[in-house]
Structure formats: structure tokens, C-alpha cells
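Shown next, in C-alpha cells, is the structure this report addresses.
Just so you know, all these numbers are worked out from the coordinates, no wet-lab data involved. Here the structure is a predicted model, which means the values were calculated and not measured. FYI the Cβ positions are ideal-geometry reconstructions off the backbone, even for glycines, and counts take in every protein chain you see.
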């Protein structure tokens, strides 16, 4: 009944090691070369130690196969040269171990960073219809604690190989002293490793369960931090703390079970080491009647074999314990790769001098009782502001996501000046779109850096122009450090209206063809709404605006009003406003790079 799980584990281990080698072939080769050189140097130094003991006993020149070894390499059979060779070999091994430790440390950090960056890149390149369904807490946990577990798995793999190499070296040295006794010790070690196979398999199972409990802990923590103000207002901090404590207890229990597993393995190997050492001394001294230097070498080798075999077991468990995190990262990366959007080639060209037309658009979310959008047709005239209104759940945000190229339609078409907005053009189109959501996203950085999220290469003149367009220049000038003023965590040093106008300026900095304001003024007072309205009036004739709002005070700035209900257009009205000149070139030069 264990063949299936064992086969899956072996396959996962091969894939894990294969990815490490494929992504870092030079680093892996160098680490293995240093590891082998250090192990061989350690073995040779022990071989030279036996002739040194023979010389100390008065046997000159050294006899036996160890003395023959010195003669073969041209080392004089005298105590001074032999001891000098021992010191030189030990020093060489120390240098090799130093180089190996530095190199392998870089290797396992590098591999963890590769996993983290590749997964983060996949998140950015996947369709929003897929990434939008993922739990942010799970992603944050995987990119932080999960990748840290993967890093420990790489370290476990490296140390596993190291322990296996050194075990082989000492096994070979023991065989030189006594092949028969070494065969018995090796057989006993094989039986012990076979007996502990179940513990290694259990380590992988514990790693998977720990992933689940750790994610639950991270979700609870994220929820508490996000809702801390509400919790304090309700006086329910204690209830939140108890929920979080339960997930912490489950995570700790998982780690403790793994710690108990490692402790049990260590106990078995310590008992086995004592038994093997006692047996080796008795057999070597009595039935085999080995000379003292050879017996000392044999005893030393057997004493080292058991700990190295124990390290093979422990590092195998460490690797298997971390393996579920790597499998989880690979599974998510594979899912995101299947949902990868086509990259913008730079050759795509969009203009918006006539308008955006939507024809027969339908969107159905999996498991939904009815379509989010059902046969929607409408037009957003170029250079005009269109207000999209309707009750919650009417499909307004879904329509905005389709126009932004974030959500693909199940039926119907979107055309930009007659050019179909296909899935392959979605990323290229978004380079020409500005978006301001209801919940403003700001980095805990300066005003300048927050604005440059929209256009990284924008000059200060570009920043001030966008701020003027968004009716935000005056309040930024009044800040203590102007553009260099830190906005605080989530923009807490700014008022709600200031945050929204800053977000509007950031969107305008992209010189968009289409500007989408999705309930961007829902939390603003009348004064700040008026400022946003003034900004919209200033944009008339320059940018095509889709204004999603419930506020009647802003609808008066719109050239047309479209009402959505139950995913369908139920009313469209046009307001008579002063005529416009042809659409200005503001939004047709392409985004600021």
C-alpha cells in the first residue's frame, strides 16, 4: 500500500533535484567538486595517520598497506615528513570546507530567490480572472514562509549529499582496515535505514499538514490586521486573538511532531552507534587480532559511520519535510503559466478618436446563478465622460474589468476605434488605460514614488502636470516636503480626498486613452467630490472617461448616463453639453515610459 506514495515522493525528489541542477548547473557542479575534494582529503589524512602511529610505536619504516602507500607517493618513512603531510592535508581540507560552505550557502539562497521571483513574475503575467480568485494571504505565505521552507529543503539536500559522501569515504577507509567487518557494519546500517523508511515518509506528510496550518495562521493574521479597527470598535479583540491563537497552536503542534520525529531518529542512531562500536572493537581485537594503529583507524571509522548515517536520515527528513512547499509553489506556477497573458510586443498601436464600442457582451462567472453581464451593448464616445450607474451587483465593475482587459468576455466584442480588443492585445491595451479604484493603493513611500508607479520614467514636470490635471497640485505643494513627502502606511498621512486625487494623478500620468474611475469618490465629502468633478471637467475633450458612481453630484459632469441592472443595460441618456473640438492628442501619444 506504500508503493504509490513512495513513487510520488521519489518522483518529486527527482524533480526537485533536477530543477536545482537545471537552474544552477555551474554552482551545483562546483559545490559537488568541493564537497568531494574535502571528503577525499579527509580520508587521505586519516590514511596517513596510521603510518604516523606506527612510527610513534617504533616501526620504521611503516609496514603494511599504509606504509606501501607512503612509498608509492614518495613520502619518506620518517615521523617528521609524515606528520607534516598530515597537517598539510588537514589544512587543505579546512580550506576546501570553507570554500564549500560559502559556495553552497550562495547556491541555496540563489535557488530560493529563483523560486520566489519566478512565482512572483508568474503572478504578474497571469490573467486577472485567475489571479483575482487566489487568496492574497496564501500567496503572501507561500512567497515568504513557504519559500523559506524550500530554502531549508535545498540546504537539507546539500547536507544530505555531504553526509552521504563522507559516509562513503569512511566506509572505504574501514574496508581497507577490515573488509569483512565493514561488510557487517554496512549491512547493519542498511537494515536500520530500511527500518526508518516510514519515518522519512511521515516527514513528507507532516510537511504537507504544516503547510495547511501555517496558511490558516497567515489568513487569520491578515484578517485581524485588516479588520483591527472594526474589531476594536466592536470590542471583540479577545475573540480575534483566540481565533489566531488556535491557528498558532496548530502550527506549533505540527512543528513539535516533526521535532519529535527527528529526536526519535537520533535516538535510534545513537543506540545503533554504541552497539556497532562495541561490536567492532571486540571483533577487531579478538577474532581478527588487528594491530593497534589499524584497530584505532577501524574504531574511528565505525564511530564516524553511525553519525553520518544519522545525518543522512535527518537531512532526508528535512528535505522531505520541505518538499510540499516546493510542490505547492510549482503547482501554483503551473496554474499561472496556463493563464499567462500574451506579452505586449511594442508594435501594437491604439487610437481613441471615435470611441469604445461594446456589442453583445456577456460574462458568466463559474458557479454563478446568472450572468454578471448579459448581452450588453453600449458606446463610450471619445473625449466624453460616461457615467455608469446601477445597484450593487448590477455588473458595473465586471464591465470595467472587461474594458480594462482584465476579464475576458464569454461572448460579444469590445472595439477600440473599431479595433477588436482580443485576449492577445489585453496587456498592450492596458498600457493605454488609467484606473482609479475605490480603495486607493499607495506605497508607504513618497508622493513622487507613488506617482511613478504609473510611469516609472516620468520627470518632475510630468508629475506636476498630472497633479494639476487631477486638482491635486495645491495640496502637494502645501506638504512639508512636497513631492518627497512620505504618505505613510496605506497613505494614512493624507486625507481620503487627497489619496483619491493622488491616485487620479497617477492614472493621468500614463496619458491614458481611457480613464476608468470605479467608485473612486464613494467615500469622499462634497468638497472633495467637487474637486474631482473639476478635474473631470478639465479632462473633457482630452480623455475618454468611464465614471462608475452612485453620486448624483458627479453624474452632472457626464456627457451620457448608462444604467445597468441585473447585468443588462436598462437605460441610456445623453446630456446636451457644449460641443467639443476634435479629441486632443493628450491621450493618443501613448503612455509616458
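Could you check the simple spin-label distance between residue 553 and residue 255, using points 7 Å along Cα→Cβ, in nm with one decimal?
For residue 553 paired with residue 255, the spin-label model returns 5.2 nm.
Using 0.36 nm times the number of residues separating residue 334 and residue 534, minus their current alpha carbon distance, what extension gain do you get? Each step should come with its number before you reach the end.
Numbers: separation 200, 0.36 × 200 = 72.00 nm, distance 4.68 nm.
Computed gain between residue 334 and residue 534 is 67.3 nm.
If you take every DSSP beta bridge fully contained in the stretch 355-588, what fraction is antiparallel? Give it as a percent rounded to 5. Can you show the working numbers first?
Values: 20 of 37 bridges.
Around 55 percent of the beta bridges assigned by DSSP in the stretch 355-588 are antiparallel ones.
Ranked by Cβ crowding within 10 angstrom, fewest neighbours first, how are 136, 178, 152 ordered?
136, 152, 178
Test of understanding: ordering 108, 550, 465 by Cβ neighbours within 10 Å, fewest first, what list do you get? List each step's numbers first, then the result.
Numbers: 108 23, 550 14, 465 18.
Fewest-to-most Cβ neighbours within 10 Å comes out as 550, 465, 108.
Taking N as the number of residues in the chain, what is its alpha-carbon radius of gyration divided by 2.2 N^0.38 Å?
Details: Rg = 34.8 Å, N = 593, 2.2 N^0.38 = 24.9 Å.
With N residues counted in the chain, Rg over 2.2 N^0.38 Å equals 1.40.
Ratio to report: Rg/Rh of the stretch 303-349, with Cα atoms as the point set and Rh obtained by the Kirkwood method; give two decimals.
Working: Rg = 21.4 Å, Rh = 14.4 Å.
Expressed as Rg/Rh, it is 1.48.
Once the convex hull of the C-alpha atoms of the stretch 442-572 is built, how many Å³ does it hold per residue, rounded to a whole number? Walk me through the intermediate numbers first.
On the way: hull volume 15.1 nm³, N = 131.
It is 115 Å³ per residue.
Looking at the stretch 114-231 from every direction and averaging, what is the projected area of its Cα convex hull in nm²? Write out the running numbers ahead of the final one.
Values: hull surface 44.1 nm².
Its average projected convex-hull area is 11.0 nm².
Using only the alpha carbons of the stretch 484-523, what is the convex hull's orientation-averaged projected area in square nanometres?
Numbers: hull surface 13.2 nm².
The Cα convex hull of the stretch 484-523, projected and averaged over all directions, gives 3.3 nm².
Kindly provide the helix-only [θ] at 222 nm of the chain, computed as the sum of -39,500 (n - 2.57) over DSSP H runs of four or more divided by all residues, to the nearest 500 deg cm²/dmol? Please report the intermediate quantities before stating the final value.
Values: 20 runs with 366 residues, N = 593.
About -21000 deg cm²/dmol.
The stretch 558-576 to the stretch 79-124: how many Å between their Cα centroids?
Between the Cα centres of the stretch 558-576 and the stretch 79-124 lies a distance of 67 Å.
Could you sort 124-131, 302-309, 204-211 so that the peptide with the highest average Cβ count within 10 Å comes first and the rest follow in order? Show your work: numbers first, answer last.
On the way: 124-131: 16.4, 302-309: 22.0, 204-211: 19.5.
Going from most to least packed, we get 302-309, 204-211, 124-131.
Normalise the Cα radius of gyration of the stretch 316-406 by 2.2 N^0.38 Å (N = residues in it) and let me know the number. It would help to have the intermediate numbers written out before the result.
Details: Rg = 20.6 Å, N = 91, 2.2 N^0.38 = 12.2 Å.
With N residues counted in the stretch 316-406, Rg over 2.2 N^0.38 Å equals 1.69.
Once you place label points 7 Å from the Cα toward the Cβ at residue 87 and residue 459, how far apart are they in nm?
For the pair residue 87/residue 459, the computed spacing is 7.0 nm.
From the Cα trace of the stretch 355-588, what convex hull volume per residue do you get, rounded to a whole Å³? Intermediate results must be reported in sequence, preceding the final value.
Values: hull volume 29.7 nm³, N = 234.
In the stretch 355-588, the Cα hull volume divided by residue count equals 127 Å³.
So for 97, 402, fewest C-beta neighbours within 10 Å to most, what's the order? Before the final figure, lay out each step's value.
On the way: 97 18, 402 23.
Listing 97, 402 from fewest to most nearby Cβ atoms yields 97, 402.
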